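Down below is the structure, laid out as structure tokens.
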Amino acid sequence: MEQKYFGYFIDLLKDGKMKFGKPSEFNDPFDCCPSVIPHISGSTLPDAAIDEVNRSRQSIVSAIYGIACFTTDPDKMLMWSHYGNQHRSVCVGFDSEILNKNIPLNDRGNPLYAGIDKVHYTNDRPTLQSNNYFNNKSSSWEYENEFRIISQEKRGSPSWGPGVFCLPVNSIKEVIIGARVIPTMIEKISVTVKRLAPNVKLKIAVPHPTKFDLKIISIKDFPNVARSSAVVSGANDNWHHT
């Protein structure tokens, strides 16, 4: 975990602060971007023009909806690579039952979200008339096994929608340290979790010795092993130190 992000981690442990992102900022350009204009065979309307119309709908959605994304698979290597700063960050585990039972309300009594929804993967792009295009994504993303909490702007304060809001702190149940987090940061994360959330389980991801897998183990079972170094002579007789 980089130092510049450590403050966000502290805010999450202390207050449950979680970002509900705008779909237009996600790494999938199709996310919450339904097909507003159905494809018509032989149409002379350029695809780029149709895409601009579709994106305008995505921009409207992004102004009033915020999404927090989760997975049930903390040992997926691609998830760590794409969302865990290439295994250098942490994964925070939540109790979904608590999230569903203790939904925050604003001063008008309007909930932050309705519940946790599972994403459905398909090869067909949803249309504007689809039942819920917020939870339909391309089959290319199926490895994520994603669940979502969707926040819609409502009357009251906070008005919800996109932004940073507080989830129930008691829903946080574990913290998993990435496989490439440096020893000094492992120690810093460990001390922080013990100080701010002593009941939260602390774990670490360790590369499997013989398979392309990650093993998630308790930090108590993680040995304090000194990092090794090496020296090698390069093609131009330069010595490289690692």
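Compute the length gained on full extension between residue 107 and residue 141: take 0.36 nm times their separation in residues and subtract their Cα-Cα distance, giving the result in nm to one decimal. Let's see the in-between values first.
Values: separation 34, 0.36 × 34 = 12.24 nm, distance 3.71 nm.
Net length gain for the segment: 8.5 nm.
Principal axis lengths of segment 33-151 from Cα atoms, whole Å, largest first?
On the principal axes, segment 33-151 reaches 51, 42, 21 Å in Cα extent.
In the structure shown, do any of 17/101; 118/173; 19/220; 17/188 have a Cα-Cα gap over 25 Å, and if so which?
Checking Cα-Cα distances, 19/220 exceed 25 Å.
Using the Cα centre as the reference, give the magnitude of the dipole from point charges on the C-beta atoms of segment 167-229 (Lys, Arg: +1; Asp, Glu: -1; all else neutral), rounded to the nearest 20 debye. Provide the component values of the computation, followed by the final result.
Values: 11 positive and 4 negative charges, 12 e Å.
Roughly 60 debye, rounded to the nearest 20.
Hey, what did the chain get for relative contact order, percent, Cα under 8 Å, at least 6 apart?
Worked out over the chain, it gives 25 percent.
Tabulate in residue order the Karplus-calculated ³J(HN,Hα) for segment 164-171, using 6.51 cos²θ - 1.76 cosθ + 1.60 with θ = phi - 60°, rounded to whole Hz; enter x for Gly and Pro.
10, 9, 9, 7, x, 4, 6, 7
Using Cα centres only, tell me the gap between segment 1-23 and segment 47-92 in whole Å.
Value for the Cα centre distance between the two parts: 16 Å.
Could you work out how much longer the chain between residue 217 and residue 95 gets when fully extended? Use 0.36 nm per residue separation minus the Cα distance between them, nm to one decimal.
Working: separation 122, 0.36 × 122 = 43.92 nm, distance 1.88 nm.
That works out to 42.0 nm of additional length.
Compute the length gained on full extension between residue 86 and residue 130: take 0.36 nm times their separation in residues and subtract their Cα-Cα distance, giving the result in nm to one decimal.
Working: separation 44, 0.36 × 44 = 15.84 nm, distance 3.50 nm.
Computed gain between residue 86 and residue 130 is 12.3 nm.
Whose amide H sits under 5 Å from the amide H of residue 174, counting only residues 5 or more places off or on another chain, with H placed in the peptide plane?
Long-range HN contacts for residue 174: 93, 201.
Rg and Dmax of the chain, Cα atoms, in Å?
Looking at the chain, its Cα Rg and Dmax stand at 21.7, 71 Å.
With +1 on each Lys and Arg Cβ and -1 on each Asp and Glu Cβ, and nothing else charged, work out how big the dipole of segment 145-190 is about its Cα centre, in Debye to the nearest 20.
With Lys and Arg at +1 and Asp and Glu at -1, about 100 debye.
Name the residue from 164, 176, 132 whose Cα lies farthest towards the positive end of the charge dipole of segment 122-183, charges +1 on Cβ of Lys and Arg and -1 on Cβ of Asp and Glu.
164
No value in this document is a laboratory result; all are computed from the given coordinates. Being a predicted model, the structure only gives us computed values, none of them experimental. Note: ideal-geometry Cβ built from the backbone for every residue, glycine included; neighbour counts use all protein chains shown.
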